[in-house]
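Structure record follows, encoded as structure tokens.
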2 protein chains.
Amino acid sequence: MTESVLASWREGPVKQAIVDFVALATTPGPGFVAVADRIATFDNDGTLWVEQPLPPQFDFVFRRWAQEIKQDPSLAEQQPYKAIIARDPAFFAGVATQDPEVVGALLAAFARTWKGTTPEEFDAQVREWLQTVKQPKLGVPYIELVYKPMLELLDLLRAHEFRVFVCSGGGRDFMRVFAEETWGIFKENVIGTAAEYRYADGRIVRAEHALGSLNVGPGKPEHIFAQTGRLPALAGGNADVDIEMLEAARFSVLVSHDDEEREFAYTSGGEASLARAKELGWTVVSMKDDWITVF
Amino acid sequence: MTESVLASWREGPVKQAIVDFVALATTPGPGFVAVADRIATFDNDGTLWVEQPLPPQFDFVFRRWAQEIKQDPSLAEQQPYKAIIARDPAFFAGVATQDPEVVGALLAAFARTWKGTTPEEFDAQVREWLQTVKQPKLGVPYIELVYKPMLELLDLLRAHEFRVFVCSGGGRDFMRVFAEETWGIFKENVIGTAAEYRYADGRIVRAEHALGSLNVGPGKPEHIFAQTGRLPALAGGNADVDIEMLEAARFSVLVSHDDEEREFAYTSGGEASLARAKELGWTVVSMKDDWITVF
């Protein structure tokens, strides 16, 4: 390994564990991973970029819904619009636990906004948001808040013939807009919660229903298997909704948000994953201690 | 282009059209296709290998169902088992047209046989079939009946930075068993009709329901978009269920089965696609005239 490997990672047991895994996986002997099996999967929100105060896609979605409420104030009486206006934490907790009522209200609102949208139209909406909206604490667009050390990890894996996938609870098509320029991976390597699309009259347009389960919890290994035919050799996550994906991998990296100065310090939504990391010996990354540079 | 390009293809307008498209797509100027957009998709049955007397996967499935009927003769009174025993063409025509009763009976039978199966178990079943069963007319295992000229086309495309996907009405997981050794593409580049899988207790097991639509007709571009975020730059097919995929591509190749001596001569199930090819100027491959070698 040259010195430039994982240059933004501080020398120490975490960096060493990652470098050792890659060396072991790519050297014939015990721990070797055949090239075909070299699938690496990473959560996005909180693992590859900032997820505070809300996962960035929520900002994108809520801005559109706020416009819709302006045009049709009666929406403010219904869910999920009501919860968004009130910033009702109980409602949003229902997303992580997949409360059927919460999920149903959200899916209906998604359909109301995007049913019939073409990929080109959706792409333009996301690009406009990416270019105009800034993260409130850090003052720059979310796309500039991708973690440099994680991009280096993606590079290291690719250099060793791993195929890198992003696997997020967020929208597959939302992430695909910026995947290629941001992560250097093709759209087909992005796995996420997804709408169904219909093909008619020579065009793809968005239909009403979500395809399969939400891509959180057990949905992550399910979607990874559906997309790739395998479970991951390496997985990276940061939250309780990543536990199953991290359990399914041979080597697991958990990002811990403990850097209030450069990013955020919080454990909310990640308590169970931190406990599971201790139990199973996952590699826990301290943003504060293990990263020389964050962005 | 060196002489070894498409070596099993006879010189002529069909080979030339393919070589010209690849040259145009990879040379800056009109017709250039950006690397990210270089998605090529191929049907499997009848496009990459023999599909007579039945698509090979049917042979695999029907043998298992015949065993089940032996163990439980009452199944012979129900669909789809009854239609299989009677070789009822009306029932099987219902697969292509997606008759809900036919599709429902088939899905129920698939679930009966494979619900709860792990990928490893299914893999072993398919491998055993691949090694033991021979195509009745040609007398060799189906896996030896892959068209050599098409493998050369896949190679040509890959050499020009196309990502090659197989997109078949057949089972995704069935094809994934032999995709890597046969086509030289990773499992994640195989798109097909698919079961849902559940992840529980650290294992992936097959669930009851099919995921999304059958991968035929409009389902093909829908699945291609879902898997890759794009529609294909080049597509290859041979049947009416491929029409929408071929229409969605910039350059389309239709394989015509007109070689009774070396393979089969039939137009059944491909009449509409041949008509559409004339109308839209697709490149129609005569197996008899355009291929020096078939297998």
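Where a number appears in this text, it was derived from the coordinates with a stated rule and is not lab data. Note that the coordinates shown come from a computational prediction; the quantities given were computed from them, not determined experimentally. Because the Cβ atoms are built from the backbone with ideal geometry, glycine has one as well, and the counts that use them run over all protein chains shown.
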Computed ³J(HN,Hα) along region B:55-62: with the Karplus parameters 6.51/-1.76/1.60, θ = phi - 60°, integer Hz and x for glycine or proline, the list is x, x, 4, 4, 4, 4, 5, 5
Counting sequence-distant residues (5 or more places) and residues on other chains, those with an amide H built under 5 Å from that of residue A:26 are A:33
Beyond 29 Å (Cα-Cα) in this structure, taken from A:15/A:220; A:187/B:134; A:82/A:137, we find A:187/B:134
Rounded to one decimal in nm, the spacing of the 7 Å Cα→Cβ label points at residue B:78 and residue B:7 is 5.3
Computed over chain B, the relative contact order (Cα-Cα under 8 Å, seq sep at least six) in percent reads 24
For region A:223-276, listing GluC sites (Glu not before Pro) in a DSSP loop whose Cβ sees at most 12 other Cβ atoms within 10 Å gives A:260, A:261
Of all trypsin sites (Lys or Arg not before Pro) in region B:125-218, the ones in DSSP coil with at most 12 other Cβ atoms within 10 Å are B:137
Under the Karplus relation with 6.51, -1.76 and 1.60 and θ = phi - 60°, whole-Hz ³J(HN,Hα) for region A:215-222, x at Gly and Pro, equal 8, 9, x, x, x, 5, x, 5
Once both label points are put 7 Å beyond Cα along the C-beta direction, the residue B:209-residue B:259 separation in nm becomes 4.3
Sorting from shortest, the nanometre distances separating the label point of residue A:53 (7 Å past Cα along the line to Cβ) from those of the same residue in the other copies are 7.0
Simple spin-label estimate for residue B:158/residue A:63, 7 Å along Cα→Cβ, in nm, reads 4.3
Non-local residues with an amide H under 5 Å from the amide H of residue B:41, with H modelled 1.01 Å from N and Pro and chain starts lacking one, are B:165, B:234, B:235, B:236
For region A:56-132, the Cα convex hull volume per residue in Å³ comes to 103
Using the Kirkwood radius over Cα pairs of region A:1-109, the Stokes-Einstein translational diffusion coefficient at 4 °C and 1.567 mPa s, in µm²/s and rounded to a whole number, is 72
Amide H neighbours of residue A:191 at under 5 Å, excluding residues fewer than 5 places away on the same chain, with H built from the backbone geometry, are A:166, A:167, A:168
With the label set 7 Å along Cα→Cβ, residue A:158 is separated from its counterparts in the other copies, in nm and shortest first, by 2.0
Under the helix-only model (-39500 (n - 2.57) for each DSSP H run of 4 or more, divided by the residues of chain B), the mean residue ellipticity at 222 nm, to 500 deg cm²/dmol, is -12500 deg cm²/dmol
Percent of all alpha-carbon pairs of the protein assembly as shown at distances over 47 Å, whole number, is 17
Mean shadow area (nm²) of the C-alpha convex hull around chain A is 15.9
Label points for residue B:133 built 7 Å along Cα→Cβ; distances to same position in the other copies, nm, shortest first, come to 5.2
So the FRET efficiency between residue B:24 and residue B:127, C-beta based with R0 = 56 Å and rounded to 0.05, is 0.85
Most exposed to least, judged by fewest other Cβ atoms within 10 Å, B:9, A:65 sort to A:65, B:9
